[in-house]
There are 2 protein chains.
Amino acid sequence: MAAIGRLAGVSQVTVSRALSDPSKVSTDTLRRIHEAIEQTGFVPNALAGALVSRKSRLIGALVPSITSIVYSAMVQAFGERMRARGYQILLSETGTALEDEERAIMLHLSRRPDAMMLTGIHHSPKARKILLGAGIPVVELWDITESPIDLCVGFSHGAAGLAAADFAADTGHDRAALVHAGDERALRRKDAFAERFRQRTGGNVVEINLNAPASLGQGRLALSRLIGEFGFEKGLIFCSSDLLAHGVVTEAQTRGLRIPQQLAVMGFGDQEFAAHVEPALTTLSVDREALGWRAAEALLSRIEGGQADRSIIDLGFSLVRRKSA
Amino acid sequence: MAAIGRLAGVSQVTVSRALSDPSKVSTDTLRRIHEAIEQTGFVPNALAGALVSRKSRLIGALVPSITSIVYSAMVQAFGERMRARGYQILLSETGTALEDEERAIMLHLSRRPDAMMLTGIHHSPKARKILLGAGIPVVELWDITESPIDLCVGFSHGAAGLAAADFAADTGHDRAALVHAGDERALRRKDAFAERFRQRTGGNVVEINLNAPASLGQGRLALSRLIGEFGFEKGLIFCSSDLLAHGVVTEAQTRGLRIPQQLAVMGFGDQEFAAHVEPALTTLSVDREALGWRAAEALLSRIEGGQADRSIIDLGFSLVRRKSA
DNA sequence: TTGTAAGCGTTATCAT
DNA sequence: ATGATAACGCTTACAA
């Protein structure tokens, strides 16, 4: 900046002002400063700015995985909103291990973000403590709790499981299978499903825990195992994601099983392809864009406004009935 | 750090040393320093560290979209490798507009990243200039060129299109259709395909430009349009992504068209589901993990070693023949 | 093994 | 409208 100042015949401070608040600088010097910037290819150092102003315009974001559309669509909406307001996203994948998340949180906090976004409400005690101590807005996504670190935006996974179980019971099924990838929130949905379904129908519930990232192939495998291990060829299958459901449907068709008459299949997430699969998937719809968008809004109002928004935001879900169940 | 020093009975510098190079500090003071850190919940300020050391341990990454598995799988591999070596990823989505990418590059550079990763080899002249001026390693991904900004890791999209056309001709097709989402690299593949296919077979090539993000629904729509607008019910369809190919296959099955006898379908990317779709997709396979991984390695050796790796890295592609063509 | 001093490139504060 | 000066919280010499 000092060099730009010399070129433009002003001091370093004036250059700083020209960039951060042009209204405080005369149009003539403004022009000379921009010319000098153009010539030199000067790019201001945001590290120095953040250090002294204590505002980094950086938002830390932690997701289990970036390749799952479930998270990436949410991060996309979140990031878009944040970028529009002049913030950048420092993104890390944490996997599912709490200690990895804790480490990532420390790393993020060392960059002094203006706010943090976390996935889920399940964190290590130390992570909570450090986050609280950081004194910045924090939003937890995808789930709700009575005691968020600061803010949370999501929906009740227990309620989602109950809704799926009620649908299964209402549509006359007395056998059900649960197929999931083993993540914490999916487990809560399936536990709620199992309890409610047994309660209402007295029927049997079997379960396949794939313990692997959800994929079409894993979905096909799940149905094969369901048939091989449990002789499950009639009933409703509740999958922890649409991708798994799509795999189950594909495998069922290959085997000549009729959907939904013989096998009813429910997914979760209402991803783009859900409506276009043949037969179209019945699923629990979650608005992932709204999730990211609302989280961004809530953080922004905390960062800039003071507080405003309430701290527990339940976005709910809806059951979309299509052809597969 | 000064406060930690006071608690541990040492100076601020010793605390700094304890954190950056523990071997330079006696085990006893090291212990006292860590106790003090534990008590206070101190998190070092990486902004200050980066400012003076001129090393941010930050890598800027620019992708068109994070929700496309094509890019997210690559970024995942890239980020994993970088994190393992102590770097964090500043990620931005740039869409397809060059001016947006340019703006994002400026923003990233202001944070003084130790290196930058860009998608594609097509950038604005100003972007090139600024990047060059930044004096940091830059890697361009997904494509190769004789004149990269610094490094490039990818493969020839022209060659990929030729390979697909040769396959189509070799398997006896004399009509072909191209379905694509309109992105720059897909256009280069389809242009190469069209030219080679016409040259070899003299046959007709029709084209659908969806001008929308690739999706299952768009793939179904594409086949509907192909049939409606061109009466295309026999021949080979080369799609710019597996997702579109999957949509075409789904629509074909719904309409009772036989694959591959009547309609042969080729995808691009060899995504996870490609092998599990029914019928399994014939596609051009690109190793997205290797792409990210090699890009990270190349940058790392430039950052830390000096130079080492050669600057144009062609990872190639392969044609995977399955059932759909 | 530890400490002192200088300075990284900005913004904030107070003058002019 | 502009400038001088003092931080911000670290790392890097250099010294003890």
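Nothing in this text is a laboratory measurement; each read-out follows from the coordinates by a stated rule. All values reported here derive from a predicted model rather than from experimental measurement. Cβ sites come from the backbone with ideal geometry, for glycine too, and all protein chains shown count toward neighbours.
Please tell me the relative contact order of chain A in percent, rounded to the nearest whole number, where contacts are Cα pairs under 8 Å and at least six residues apart.
16 percent
Counting other C-beta atoms within 10 Å, which of A:SER224, B:SER92, A:SER23 has the fewest, and how do the rest follow?
A:SER23, A:SER224, B:SER92
Give the value in nm², to one decimal: projected area of the alpha carbon convex hull of segment B:157-285, averaged over all directions.
6.6 nm²
Taking 0.36 nm per intervening residue step and subtracting the Cα-Cα distance, what contour gain separates A:ALA3 from A:HIS34 on full extension?
Computed gain between A:ALA3 and A:HIS34 is 9.9 nm.
Would you mind giving the mean number of other chain beta-carbons within 10 Å of the Cβ of each residue in A:37-47, as a whole number?
5
How big is the C-alpha Rg of segment B:69-220 next to the rule-of-thumb value 2.2 N^0.38 Å, as a ratio?
Ratio of Rg to 2.2 N^0.38 Å for segment B:69-220: 1.23.
Going 7 Å from the Cα of A:ASN211 in the Cα-to-Cβ direction, what parts of segment A:175-196 have a backbone nitrogen less than 20 Å from that spot?
Output list for this probe position: A:178-191.
Give the separation of the Cα centroids, segment A:253-301 to segment A:1-64, in Å.
Their Cα centres are 46 Å away from one another.
If the reach is capped at under 17 angstrom between alpha carbons, list the aspartates and glutamates near B:LYS126, excluding any in the same chain fewer than eight residues apart.
Cα-Cα hits under 17 Å: A:GLU35, A:GLU38, B:GLU99, B:ASP100, B:GLU101, B:GLU102, B:GLU140, B:ASP150.
Would you mind listing the distances between the A:SER16 label point and the same position in each other copy? Use 7 Å along Cα-to-C-beta, nm, one decimal, shortest first.
2.1
Show the residues, 5+ positions off or on another chain, whose built amide H is closer than 5 Å to the amide H of A:LEU319.
Here A:SER285 satisfy the definition.
Calculate, axis by axis, the spread of Cα positions in segment A:140-200 along the three principal axes, and write the results as whole Å, longest axis first.
Extents along the principal axes, in whole Å: 42, 21, 15.
Per the Kirkwood treatment, what hydrodynamic radius in Å, one decimal, follows for the protein assembly as shown from the mean inverse distance over all distinct Cα pairs?
It is 27.0 Å.
What does the average come to when, for each residue of peptide A:110-118, you count the partner chain Cβ atoms lying within 10 Å of its Cβ?
3
Just subtract the alpha-carbon distance of A:ARG54 and A:ILE312 from 0.36 nm times their residue separation and send over the number in nm, one decimal.
Once the chain is fully extended between A:ARG54 and A:ILE312, it gains 90.1 nm.
What is the P(r) of segment B:1-44, as percent of Cα-Cα pairs per 5 Å bin from 0?
6, 29, 40, 21, 3
If the viscosity is 1.567 mPa s and the temperature 4 °C, what Stokes-Einstein diffusion coefficient in µm²/s follows for chain B when Rh is the Kirkwood radius over Cα pairs?
In µm²/s, the coefficient is 58.
Placing a label point 7 Å from Cα toward Cβ, how far apart in nm is B:ALA159 from its equivalents in the other copies, listed shortest first to one decimal?
For B:ALA159, the inter-copy label distances come out at 5.5 nm.
What is the average number of partner chain Cβ atoms found within 10 Å of a Cβ in B:64-76?
4
Treating only the Cβ atoms of Lys and Arg (+1) and Asp and Glu (-1) as charged, compute the dipole magnitude of segment A:157-285 about its Cα centre; round to the nearest 20 debye.
Charge dipole of segment A:157-285: 260 debye, to the nearest 20.
Neighbouring Cβ atoms within 10 Å as the yardstick, rank B:ARG189, B:ARG321 fewest first.
Lowest count first: B:ARG321, B:ARG189.
Measuring label to label, 7 Å along Cα→Cβ, what does B:GLU146 give against each other copy in nm, shortest first?
Nearest first, the other copies' label points are 7.1 nm away.
Cut-off is 10 Å between beta-carbons; in what order do B:ASP314, A:ASP21, A:ASP114 appear when sorted fewest neighbours first?
Result, fewest neighbours first: A:ASP21, B:ASP314, A:ASP114.
At 7 Å along the Cα-to-beta-carbon direction for both B:GLN261 and B:ASP166, put a label point, then send me their distance in nm to one decimal.
3.0 nm
Report, in debye and to the nearest 20, how large the dipole of chain B comes out about its Cα centre when Lys and Arg carry +1 and Asp and Glu carry -1 on their Cβ.
520 debye
Given H placed on each backbone N at 1.01 Å, which residues far from B:ILE144 in sequence or on other chains put an amide H within less than 5 Å of it?
Close amide H contacts, sequence-distant or interchain: B:PHE155, B:HIS157.
If all Cα-Cα distances of segment A:218-325 are sorted into 10 Å bins from 0 onward, what percent lands in each bin, rounded to whole numbers?
Pair shares across the bins are 15, 38, 20, 14, 10, 3.
Length gain on complete extension for the stretch B:GLU80 to B:SER20, per 0.36 nm per residue less the alpha carbon to alpha carbon distance?
Net length gain for the segment: 19.4 nm.
Taking a threshold of 25 Å on the Cα-Cα distance, which of the pairs A:LYS190/A:LYS323; A:LYS190/B:LYS323; A:LYS24/B:LYS55 fall above it?
A:LYS190/B:LYS323; A:LYS24/B:LYS55
Along the charge dipole of the protein assembly as shown, Cβ charges K/R +1 and D/E -1, which of A:ALA127, B:ALA165, B:ILE136 sits furthest on the positive end?
Going by the Cα projections, it comes out as B:ILE136.
Can you tell me the order of A:24-31, B:68-75, B:99-106 when each peptide is scored by its average per-residue count of other Cβ atoms within 10 angstrom, highest first?
So the peptides A:24-31, B:68-75, B:99-106, ranked by packing, come out B:68-75, B:99-106, A:24-31.
For B:MET117, what residues show an amide H to amide H distance below 5 Å, using hydrogens built from the backbone and excluding near sequence neighbours?
Under 5 Å from the amide H of B:MET117 lie the amide H atoms of B:GLY60, B:ALA61, B:LEU62, B:VAL139, each far enough along the sequence or on another chain.
Sorted by packing (mean other beta-carbon atoms within 10 Å per residue), highest first, where do A:234-247, B:253-266 land?
A:234-247, B:253-266
Check every DSSP H run in chain A and write down those whose alpha carbon atoms cover 15 angstrom or more along the long axis and whose mean Kyte-Doolittle hydropathy is -0.5 or greater.
Going by DSSP H runs, the hits are A:69-84, A:98-109, A:157-170, A:216-230, A:242-254, A:288-300.
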